[in-house]
Amino acid sequence: MKSYLNYWLRMIRCAIVGPPIFYIWNSLLTFLFLTGVVAYIYQFQNGLIVTNLTDQVSWGAYIANFTFLVGVAAAAVLLVFPTYVLHRDDVKDVVLLGELMAFTAITMCLMFILVDLGRPDRFTHVMPVLGRLNFPRSVLAWDVVVLNGYLFLNLHVPGYLLYMTYKGQKPNKWLYIPFVFVSIAWAVSIHTVTAFLYSGLGGRPYWNTAILAPRFLVSAFAGGPAILIIVFTLVTLFTKLKVRPQVFDMLKKIAMVFLPINMFLFGSEIYKEFYTDSVHTESMRYLFFGSHGHAMLQPYIWASIVMSFAAMAIFYIPKLRQNSKMLIFACVLAVLGIWIEKGMGLIIPGFIPTPLGDMVEYTPSVVEFFVCLGIWSFGALLFTILAKVAVAIQVGELRENS
Amino acid sequence: MDNTDKEKINQWSERVSQRVDKILDQSVERRGFLKGLLGTVGGAAAASTAAGAIASEVLPESDFSWEKFFQEHYKVMTAEDKEKVFARIETETKRKYGVDVKVRDPQALDGVKFAYGLNLSKCNGSRMCVYACMKENNQSRDPQIQYIKVIEMDIGTLNLEKGDMYYEGESVPKAGKYYLPVQCHQCDNPPCAKVCPVEATWKEKDGIVVIDYDWCIGCRYCMAACPYEARRFNFSAPKVPKEEVNPDQGYLSNRMRPKGVVEKCHFCLHRTREGKNPACMEACPTGARKFGNILDPKSEVSMILKTKRVFVLKEELNTIPSFFYYFD
Amino acid sequence: MTLATMEKPIMLVLLLGVMTSLSWAEPMAVKGAIRPLVKEAECLGCHSKTSSITKKKGHRDLSSKHFPKSGTCSSCHLPGQVTKLRLLTGEPISYPQSPILCGQCHGLVKRDWDHGIHGKKMGSWTKSGEPLLCVQCHDPHTPKFPLMKALPAPRQPQLGIKKEESYGQH
């Protein structure tokens, strides 16, 4: 007990003490987070009218970011699977960081849901005893269960392993291996369930497609490596943990496989909508070409397509992919392209036109922008300190008897 | 940060660790334990009261109370719970609007299942139903909430994409158009009730799909799921002019709603469960609206279903609406 | 009276009587949408058996859309008996029985009206109550249902809901 408390105190100290760049980065993120908190308090007091949401477009920036982040969380499986199933030791160095990133992503998801609720003070209504969870009929109830389960898994496994490493003890495999294998399947399930939120609604033909769940997973496996490459580059630059080139190679290969599959699946959707040319295809027509004089999303989706193809090109040309600056650029393009395609390219057009043919456009308001920025900053901050502590324990700086 | 600062922080953490060691090592006497326990309980009580007070300050509009926080789902509440809740709503309405209201809870009648018939040959697009509904059901004027949408369609098409719900008309019906009023269809297979994560909306015995406004968390999944765009969200606290508040209120129907919850047409259940017509039907100037008990073979809606060529919107979605349209 | 004199356009005036209020009906949202019924006594004010029509007032602005296409005045009115209407067989009926008259040509609508599914019903879905007569919504001389002005359209949000709108559009 005493040593556990000591462990926490030492972790907290490690989390707040560091080089100057660490303080600058953390201060900036904290400042942005607090701006988000202020914006959210304003929203909480006045209601969601401070957003640009309407009855017609009732889900917007918050849910779009939530959808994207569930994909980021699911991408942790790209590290867990090689480590524990393929027994790759080079990936073992970074698997805990990947799980901590998943934990951060799920935390951000839950925060995005909380700020989107009309009555966040009634969050207890989704809990087992205090509330009344409509499980198993409601897919959103399933999402509550699987997201919290994944949060727990990605808190327990790295938490336990890091504590054992800190103590210099060999971990009891029954306390983490079963959880690891569950988390591999669970990672697939969180993004499938999130996709099912949309694909099961008959009243929204733009979403009501079987291909949506595969699309979500493929875009998670395309964007996930891109984010991991960026994160691991920063880890290698700023910490004592040097991520091995084989890990980067593996991530590059995964991205090379899944980026084209992502575009293929998106292309399949585009073909189906435009060739069928039925009334139901109005949403995609609005997205790509505008409809009835409204064309707000047009520049975004075309930019996303260009970015995704550019990222693919850079990944496929060996000279470019081996250049670390170009690689980072490609990763940024890939992440942005997928973020636009999943957020603005999927959520918003589902509401335009409405089931009764109404057309109301949407773009985030100033309040929404700052709340989103606040949550993203919080996530970056959380991951920064988690990573710092995890790396310190892993490289041996933070040990019980040091 | 230089080494002296680092040393200082190291020394601080060492001191804290030593203090923690001391606390954990010393044996705790019973009196001390009781003191500690009482202190914790007292602290928790003080903290919760303080939290409640702070919450009321931060959210003066919603006047947070622990009663509200622990209020149960409608289906689980006992009769006494409900009395307390209705009394609270009446008090709050009096405070906010200065109007004495009566909140009732009429139950579904036995052997009754409501259905609505709408004669599209007779609807002239006057929108009298829309505004009568607004008045009857205390809908927010700003931001404007209207349960009924009347869509102006070209004769010859049922393609809602081509309809216009924002038409203005000096004289309706306009030539070559017909008018399609849409409100909640109280589906027998409601997608909204299926997706609600907290079961804040459900289908009652008499067919009406109701919402417990004190249970809804405002996630708006039901709004995404509804194929008829029937549900509305309170983006801010609803504003109803004092003199237009309808004091005859039902808990599941037209009581004053709070901010951040979803609402929709409920077939005026505070009227219809007592045998009266819904407000929209009363207001319709052309007699296009027919309402009644589908289980009664002699009712008007039964006659309509037997003799008219009725259809429903988006039948392929298998929502099984209780709202039947027909041309005469 | 001969057939010839029946051909003369007979101007009737519908005096403003009190609406036969239906005791179980609730106050209507639309005032004046239901037309007032004729009371026989008012017709006799001018068309009494003993007086000849010398007064200049009444019926001058009447034009019947039912005339001359679908019939003449005498298709529905009894010459010499202003307190009654007539069926095609010549049989006289009273004014409250006028739906039978309308039903002679508008049979399908009359069948619906008999079942309670044509026209406006007020108050309660549980009991049928007294239905409105045809003439309470349809002016027999200008039978087409009058055009109305539609109430204002809903506010269409642009980007988000406008917050500064004043309420009270209706």
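Given B:K264/B:K290; B:K203/B:K239; B:K135/C:K121, which pairs have Cα atoms separated by over 23 Å?
B:K203/B:K239, as the Cα separations exceed 23 Å there.
What shape does segment B:114-326 take by its C-alpha gyration tensor, where a ≥ b ≥ c are the square roots of the eigenvalues and a/c under 1.5 counts as rounded, a/b above b/c as prolate, and the rest as oblate?
Since a/c stays below 1.5, the shape of segment B:114-326 is classed as rounded.
Kindly rank A:31-38, B:232-239 from highest to lowest mean number of other beta carbons found within 10 Å of each residue.
Details: A:31-38: 16.1, B:232-239: 21.5.
Ranked by mean Cβ neighbours within 10 Å, highest first: B:232-239, A:31-38.
Taking only Cα atoms and a 10 Å spring cutoff, compute GNM fluctuations for chain A and point out the largest among A:A330, A:A220, A:A76.
Among A:A330, A:A220, A:A76, the largest GNM mean-square fluctuation belongs to A:A330.
Please check: in the Gaussian network model of chain A (C-alpha springs, under 10 Å), which one of A:P19, A:P349, A:P225 has the largest mean-square fluctuation.
Taking springs between Cα atoms under 10 Å, the residue moving most is A:P19.
Check B:L295: other-chain or 5+ apart residues with amide H under 5 Å from its amide H, H built from backbone geometry?
Amide H neighbours of B:L295: B:K113.
Using Cβ contacts closer than 10 Å as the measure, can you line up A:I328, A:I190, A:I24 from fewest to most?
The order, fewest Cβ neighbours first, is A:I24, A:I328, A:I190.
How many Cβ atoms of partner chains, on average, are near each residue of B:156-169 if near means within 10 Å of its Cβ?
What the average comes to for B:156-169 is 4.
So, by mean Cβ neighbours within 10 angstrom, what's the order for A:365-378, A:301-314 with the highest one leading? Please report the intermediate quantities before stating the final value.
Values: A:365-378: 20.5, A:301-314: 18.4.
Top to bottom by mean Cβ count within 10 Å: A:365-378, A:301-314.
Could you work out how far the C-alpha centroid of segment A:1-77 sits from that of segment A:161-177, in angstrom?
Comparing the Cα centres of segment A:1-77 and segment A:161-177, I get a distance of 29 Å.
Under 5 Å between amide H atoms, partner at least 5 residues away or on a different chain: which partners does A:L398 have, H built in plane at 1.01 Å?
So A:L398 has HN proximity to A:I393.
Taking beta carbons within 10 Å but only from partner chains, what does the mean come to for residues B:188-200?
That works out to 6 on average.
Arranged from highest to lowest average of other beta-carbon atoms within 10 Å per residue, in what order do the peptides A:114-127, B:153-166 appear?
A:114-127, B:153-166
Give the distance, in whole Å, between the Cα centre of segment A:119-144 and the Cα centre of segment A:91-106.
Each part's Cα centre sits 28 Å from the other's.
Other chains near A:42-53: what is the mean number of their Cβ atoms within 10 Å of each residue's Cβ?
6
How many lysine pairs does segment A:245-402 hold where the Cα atoms are under 19 Å apart and the two sit 8 or more places apart or on different chains? Walk me through the intermediate numbers first.
On the way: A:K252/A:K319; A:K252/A:K325; A:K253/A:K319; A:K253/A:K325; A:K272/A:K342.
Close lysine pairs under the 19 Å cut-off: 5.
Would you mind computing, in nm to one decimal, how far apart the modelled labels at B:S121 and A:K2 are, each placed 7 Å from Cα along Cα→Cβ?
9.3 nm
Strictly greater than 16 Å: what percent of every Cα pair in segment A:49-97 meets that?
More than 16 Å apart: 56 percent of the Cα pairs in segment A:49-97.
Angle check, please: helix A:139-167 long axis (alpha carbons) against the longest principal axis of chain A (alpha carbons), in degrees 0 to 90, nearest 10.
20 degrees
Distance in nm between label sites at B:T307 and A:R399, each 7 Å beyond Cα in the beta-carbon direction?
That separation, rounded to one decimal, is 9.4 nm.
For the protein assembly as shown, what is the Kirkwood hydrodynamic radius in Å, using each pair of distinct C-alpha atoms?
Mean inverse Cα-Cα distance, inverted, gives 32.1 Å.
How large is ³J(HN,Hα), in whole Hz, for each residue of segment A:319-325 in order, when computed from phi with the Karplus curve 6.51 cos²θ - 1.76 cosθ + 1.60 and θ = phi - 60°, using x for Gly and Pro?
Along segment A:319-325, the couplings run 4, 6, 5, 7, 7, 5, 5 Hz.
Using the Karplus equation 6.51 cos²θ - 1.76 cosθ + 1.60 (θ = phi - 60°), what ³J(HN,Hα) coupling, rounded to whole Hz, does each residue of segment A:40-45 give in order, writing x for Gly and Pro?
Running phi through 6.51 cos²θ - 1.76 cosθ + 1.60 with θ = phi - 60° gives 5, 4, 4, 5, 5, 6 Hz.
Given the C-alpha centroids of segment B:198-217 and segment A:279-334, what is the distance between them in whole angstrom?
42 Å
Please list 3J(HN,Hα) in residue order for segment B:154-160, calculated via the Karplus relation 6.51 cos²θ - 1.76 cosθ + 1.60 where θ = phi - 60°; whole Hz, with x for glycine and proline.
Whole-Hz 3J(HN,Hα) from phi for segment B:154-160: 6, 4, x, 9, 10, 7, 5.
Using the Cα centre of segment A:223-377 as origin and beta-carbon charges of +1 (Lys, Arg) and -1 (Asp, Glu), tell me which of A:I338, A:Q322, A:Y362 is placed farthest towards the positive end of the dipole.
A:Q322
Any read-out appearing in this document is the output of simple, stated calculations on the displayed coordinates, not a laboratory observation. Everything numeric in this text was worked out from a predicted model, so none of it was measured. Backbone-built Cβ (ideal geometry, glycine too); neighbour counts: all protein chains shown.
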